[in-house]
Amino acid sequence: MSKVVKFGGSSLASAEQFQKVGKIIRADKERRYVVPSAPGKRNKADTKVTDMLYACYDLAEQGKDFSKELEAIKARYQEIIDGLKLKLSLDKEFAEIEKNFKAKAGNNYAASRGEFLNGIVMANYLGYEFIDAATVIFFDEEGNFDAEKTDAVLSERLAGCKNAVVPGFYGAMPDGSVKTFSRGGSDVTGSIVAKAAKVDVYENWTDVSGFLIADPRIINNPVGIDAITYRELRELSYMGAGVLHEDAIFPVRQQGIPINIRNTNAPEDNGTWIVGSTCQKSKYVITGIAGKKGFCAINIEKDMMNSEIGFGRKVLQAFEENGISFEHVPSGIDTLTVFVHQDEFMHKEQKVVAGINRLAKPDTIDIEADLALIAVVGRGMKSTRGTAGRIFSALAHANVNVRMIDQGSSELNIIIGVANEDFEAAIKAIYDIFVLTKL
């Protein structure tokens with residue numbers, strides 16, 4: 001059995017945190033491949049190393065002196081090196097960075113150096129082989145991740161070493177220049193390494209003990225999720241649930257490799273397991289609740305709409321022509337509602353309305369703003385009767401008016417539309433009815 005372990009920036013912000021990470025890795029010989037992020041904040045007032053690098057490179061790009069800023073970054077790493085009592089010098093690496101900054105190597109190069117340097121420190125600390133991600137992770141000419149080439153090269157490289165550190169967040173373009181992942185950063189790298197190494201588990205270590213059923217900023221001490229399927233996670237991530245970026249799911253999902261979200265500061269916690277499928281029943285009917293504010297609904301009415309072939313296509317064409325994607329399209333016999341992000345729509349609303357009138361010739365169009373969408377997700381909902389009824393009952397008791405309800409054919413999720421001002425009250429009501437009362 002073998003594992004890939006990825007550690008976030010908060011897990012590697014200081015020598016003390018490094019020691020916790022080292023203890024975790026050494027506690028299990030199956031943790032063979034390590035993917036580190038750049039050092040994060042040591043405290044709330046601190047600055048992430050990646051942000052320091054961006055600011056430093058910004059000065060370099062303007063042709064200004066950046067020596068003071070680069071020295072501050074060097075001091076952050078030296079503090080970690082000294083705290084770990086390592087015989088390691090990064091002078092050569094910083095001289096190279098200074099040279100490349102003066103040559104204006106680009107923002108991608110600048111941002112990647114945090115992981116690159118932390119990878120060197122981590123490999124030295126653990127006694128593992130260091131593999132520069134730029135030599136094993138590749139992008140094509142258009143800047144898209146080249147999965148096939150990466151998997152071939154990285155698989156061969158990892159097969160030749162028992163233990164290795166591969167820094168997260170970046171790879172290389174065909175010309176050798178550094179390119180960073182636009183989203184998901186080191187989480188994506190960890191997933192790519194896990195797939196290439198054909199490991200049994202991808203452990204993603206962060207500063208929380210896995211996923212929670214609801215946002216802790218809304219629910220006080222929400223219950224944790226023991227196991228969640230990839231499909232459930234995708235639904236919750238799309239609606240704003242954090243911890244792991246959805247782009248990090250796909251490489252391991254293809255191989256059936258489970259992800260275990262763990263807490264560096266509480267390694268005894270089991271965290272959350274993300275799996276393809278499972279026969280394990282969740283503790284509650286629902287797995288999680290997530291949502292976003294800031295939507296608007298465009299309500300379109302037309303008599304005999306249901307018998308007009310192509311009506312829906314004509315309506316959506318007006319949105320497509322203006323570069324606006326839709327979220328949900330619930331409909332009735334003579335009505336159709338399109339939910340969109342308000343900030344995308346508001347500057348083009350009259351163009352869209354004109355387009356709908358021109359293409360679909362509706363009787364009326366009404367726009368409702370300041371709405372929120374809430375996703376109630378759970379594999380247990382399919383086999384439990386009355387789930388939607390309980391949601392409606394809970395919201396009615398909380399005096400929340402439901403503007404829309406939409407359930408997918410998979411019965412994995414129910415989407416509810418409410419006013420922005422009712423968002424928090426709605427989530428509390430749904431959490432209470434399914435978790436606190438265990439209905």
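The values are calculated or read from the model by the stated rules, or taken from the named source; none is laboratory data. Everything numeric here is computed off the predicted structure, so don't read it as measured data. All Cβ positions, glycine included, derive from the backbone under ideal geometry; neighbour counts span all protein chains shown. Please note that ligands, DNA and RNA were not included when accessible areas were found on the heavy atoms of the full protein model with its side chains. Shrake-Rupley method; radii C 1.70, N 1.55, O 1.52, S 1.80 Å.
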Self-check item: Candidate values (1) 44, 27, 20; (2) 32, 24, 22; (3) 50, 21, 18, label of the one derived for semi-axes √(5λ) of the Cα gyration tensor in Å
Solution: (1)
Quiz prompt | Probe 1.4 Å, protein heavy atoms only - accessible area per residue of the range 2-150 in square angstrom | solution = 47
Quiz prompt | Solvent-accessible area per residue for the range 155-263 (1.4 angstrom probe, square angstrom) | solution = 39
Practice problem: Report, in degrees rounded to the nearest 10, the 0 to 90 angle that the Cα long axis of helix 349-360 makes with the longest principal axis of the chain. | Solution: 50
Self-check item: Between helix 49-61 and the chain: long-axis angle, C-alpha atoms, 0 to 90°, nearest 10
Solution: 80
Quiz item: So what's the angle, to the nearest 10 degrees on a 0 to 90 scale, between helix 185-197 and the longest Cα principal axis of the chain?
Solution: 80
Self-check item: Amide H contacts of VAL136 (H built 1.01 Å from N, under 5 Å, at least 5 apart or other chain)
Solution: none
Quiz item: Per-residue ellipticity at 222 nm for the chain, helices alone: DSSP H runs ≥ 4 residues times -39500 (n - 2.57), over residue total, nearest 500 deg cm²/dmol?
Solution: -11500 deg cm²/dmol
Practice problem: Post the alpha-carbon centroid distance, the range 108-181 to the range 184-199, in whole angstrom. | Solution: 11
Self-check item: PHE130-LYS351 pseudo-label distance in nm [points 7 Å out on the Cα-to-Cβ vector]
Solution: 5.0
Quiz item: How many lysine pairs in the range 284-381, separated by 8 or more positions in sequence or lying on different chains, have Cα atoms less than 24 Å apart?
Solution: 12
Quiz item: For the chain, which whole percent of the accessible surface, found with a 1.4 angstrom probe, sits on carbon and sulfur atoms?
Solution: 48
